[in-house]
Amino acid sequence: MLQDTIRDIITKAVAALTEHGAFPDVEIPAVEIMRPQVAAHGDYSTNVAMKLAAALRSVGLPGTPRALAETIATEIREMVAVVPAYDLVTAVEVAGPGFINLRLGERWLLRQTADVLAAGAGLGAVDVGRGTRVNLEFVSANPTGPVTVANGRGAFLGDALGNLMHAAGYDVTKEYYFNDAGGQIDQLGFSMERYCRFILGEPVFCQIDDIENEAAPEVVKPSARFQKGKGGGDSAPAQTAAKPRKPRGYYDPYYESVAERLLMRDGGALLEGPATEGGPALGKAAADIIMRDIQDTMRRMNVEFDVWFNQASLAPSGEIEAGIKALRDGGYLEERAGAVWMKSSQLGDDQDRVIIKSSGEPTYITSDIAYMRNKFERGFDQLIFILGPDHHGYIGRLKATAAMLGHDPERVHVLIYGNVALKVGGRTMRMGKRLGNAVTLDELDDELGADVTRFFYLMRANETPLDFDLELARKQTSDNPGLSVQYAHARASGVFRKAEERGIAPDQYAEADPLALANDRPDELAAELNLLRELLRLEEVVERAAATHEPHLLTAYGMALAEAYHLFYDTCPILKAGSDVPRDVQMARLRLMAAARAGLARTLHLLGMDAPERMEREAAEAVAHASPAE
RNA sequence: GGCCCUGUAGCUCAAUGGACAGAGCACUGGUCUUCUAAACCAGCUAUGCGGGUUCGAUUCCCGCCGGGGCCGCCA
């Protein structure tokens, strides 16, 4: 990595000086490399002289940061002049309170065009992961309803993070855990039975009253069909402050469609079995349908999973028992008031947890234990959980569970993302399945398309709340920065189409000498070098985004790369009519543009987006016509 | 009450303890007979409050104020 070479140079220079006794005998601080925010400060910067000065001062020795910086800078200058591998640095300056700033050479930068192109689809790949086996679990929404805008955030975060970690050298398995067991499935069955009987024409209307007795009216919104005969009409949502009680079952037009499919598939046979009271069989069958819906949604959003894991598979395989036994053998279980508790609080959890109720039934926690044990047994070195904002209490419990299973809790990483709210008509509304106003990911996809939706989600830092302004996103599609990145790629593709029309074949510029650009006008050269700097930065972005689990760094990079590309495009003509570009410059720019296009494509693919060859402009015009300036 | 996240430009958000706090949108001007103007250029405005650590704090620590969330023998 470029950054490693820079670090190497500085470290070696300091070490050489220390060896020659240039510094008194103090502990040499670790070298930190920074990317200055201001271009005038060079490409890389280090504060090692200031750290060294502080170390000297602490033992009563003299030495100002700037003087030390000058000494180190002189050594670096000598090294880069002599060592061929260090020829990338051409300028070393001391600035400010004692920074040492390094600048990459223009000719060296221009030559990197070849490296970027040679990297191809592996551009930006690094190997900090060294094959570490990572299990990345995300979404894991319950199969009791469609994926919503809220829990959909995990889908994009997980998918993009998986891509990033893969590029950073990790062996990543992306996994979805279906909670297709337990009381919620029985509840699903309960409402399925009602819907099925309703569809079959059985008199179940009276049961609406049951529902409404169980929850505040605004919580339950049965479909219009289900509601007919009530004559209630649509009353304005009450401004209730009271927390509504959870209704038994799930009611919303979506569930009616599930019931319809259930009936088509099983012909209502499940309704007649003796075991339908409470609806476990119906619930399981409905969950199967919903799971397929969720998988369809994920496919539509281009979110890929390697493993779809079913909670229901754990009990038959004996893994639940094995998990409980593992905790018991570890001495972590205790009986209290007829229930079995795990003593997780001694391992950092907020509290102890019941794992077997006094009724003898296991809680869902036993499944979680068995599932984590299953993951470790599959040989994963790291487990990453991407969870919604209401799950922060899981962090301690999951880590404690790992510890109780005999693993280092540091191998468990829990990433909690921020709340998602929809902005409609300038008002932000909270959503939730239980508030009955959840917007699904499919609906968002219909409105905006998978790529725009994804970019919008990935622009924010994980923990930042996401206010999804649907109207703005819909109306301003053409201004969406994500599309700007795709447009940059499409624009580059257009140039190559044009080149082909002019009879310029790829092999004519494949070997072009990039140094032909060294004599360009200053503004042209600046745009070209700026573009190369951005392209070379991708590996640093990949490394950091993977290490910190922050895919939004890549979207920010994508915008910066697109901006650098657009500036290059506008400043440096190649085939533009009326431009008088020498042949060798033309070829070198085509080669550079090929590198830029590769970088844009790679960035888009890492984000999980398409890199389009062309983009139509109708959409933008339609928007312009739809909202004429007043 | 305990715990988690959060407060940066008019709005939505960035900023591995660094130098002059950046983008996008919005707004105001300028660039198309030209490789796609879905672009480019110029301009405007910000770290909630008070302490502390540090050569240096948006970042780390403490307190206050404000916003969101979680604290079941539900899953």
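The values are calculated or read from the model by the stated rules, or taken from the named source; none is laboratory data. All values derive from a computational prediction rather than experimental measurement. Note that we place each Cβ from the backbone using ideal geometry, even for glycine, and neighbour counts take in every protein chain shown. With ligands, DNA and RNA removed, areas are computed over all heavy atoms of the protein, side chains included. Shrake-Rupley method; radii C 1.70, N 1.55, O 1.52, S 1.80 Å.
Considered as a group, the residues in segment A:26-56 that are touching a Gly at 6+ places or on another chain (Cβ under 8 Å) and small (G, A, S) include one that is surrounded by the fewest Cβ atoms within 10 Å (Cβ to Cβ), and that residue is A:A53. The set of residues in segment A:479-501 that are open to solvent by 20 Å² or more (accessible area, probe 1.4 Å) and over 36 Å from the mean Cα position of the chain (by Cα) comprises A:E500, A:E501.
In the set A:A168, A:A160, only one residue is closer than 22 Å to A:V420 by Cα, modelled with pLDDT of 90 or more and either open to solvent by 20 Å² or more (accessible area, probe 1.4 Å) or not charged (D, E, K, R) (or both); that residue is A:A160. For segment A:120-133, a residue qualifies if it is open to solvent by 40 Å² or more (accessible area, probe 1.4 Å) and either among the aromatic types (F, W, Y) or outside any loop (DSSP other than H, G, I, E, B) (or both), and the qualifying residues are A:A121, A:R133. If you go through segment A:82-124 and pick out every residue that is away from RNA strand B (no atom under 16 Å from the Cβ), among the hydrophobic types (A, V, I, L, M, F, W, C) and more than 30 Å from A:L164 (Cβ to Cβ), you end up with 2. Taking into account only those residues within segment A:159-182 that are away from RNA strand B (no atom under 16 Å from the Cβ) and part of a helix (DSSP H, G or I), which is nearest to A:R454 (Cα to Cα)? Out of the qualifying residues, it is A:D159. Out of everything in segment A:395-422 that is within 8 Å of RNA strand B (Cβ to nearest atom) and open to solvent by 50 Å² or more (accessible area, probe 1.4 Å), what residue ends up being modelled with the lowest pLDDT? Top of the filtered list is A:N419.
Listed by first and then second residue, the pairs with beta-carbon distance under 7 Å, at least 6 apart or on different chains, first residue in segment A:346-368 and under 15 Å from A:R336 (Cβ atoms) and acidic (D, E), second near RNA strand B (Cβ under 9 Å from one of its atoms) and open to solvent by 50 Å² or more (accessible area, probe 1.4 Å), are A:D352/A:W341.
Limited to segment A:321-370, what total is found for residues that are within 16 Å of A:K399 (Cα to Cα), open to solvent by 50 Å² or more (accessible area, probe 1.4 Å) and away from RNA strand B (no atom under 14 Å from the Cβ)? Number satisfying all stated conditions: 2. Here segment A:9-25 is the region considered, the condition is being in contact (Cβ under 8 Å) with a residue 40 or more places away in the chain and either within 7 Å of RNA strand B (Cβ to nearest atom) or open to solvent by 20 Å² or more (accessible area, probe 1.4 Å) (or both), and the residue that is nearest to the chain's Cα centre (by Cα) is A:K12. The test for being of a type in the set (A, V, I, L, M, F, W, C) and touching a Phe, Trp or Tyr at 6+ places or on another chain (Cβ under 9 Å) holds for A:L88. When A:P389 is tested against (1) modelled with pLDDT of 90 or more; (2) more than 8 Å from RNA strand B (Cβ to nearest atom); (3) over 30 Å from A:A337 (Cβ atoms), only condition (2) is not met. For segment A:134-158, filtering for residues that are closer than 23 Å to A:D252 by Cα and part of a strand (DSSP E or B) leaves 1. With the structure loaded, tell me whether A:M587 is surrounded by 15 or more Cβ atoms within 10 Å (Cβ to Cβ), within 12 Å of RNA strand B (Cβ to nearest atom) and either assigned to a loop (DSSP other than H, G, I, E, B) or modelled with pLDDT of 95 or more (or both) or whether it fails that test. No, not satisfied. With respect to the conditions (1) near RNA strand B (Cβ under 9 Å from one of its atoms); (2) at pLDDT 95 or above, A:E616 lacks only one, and its number is (2).
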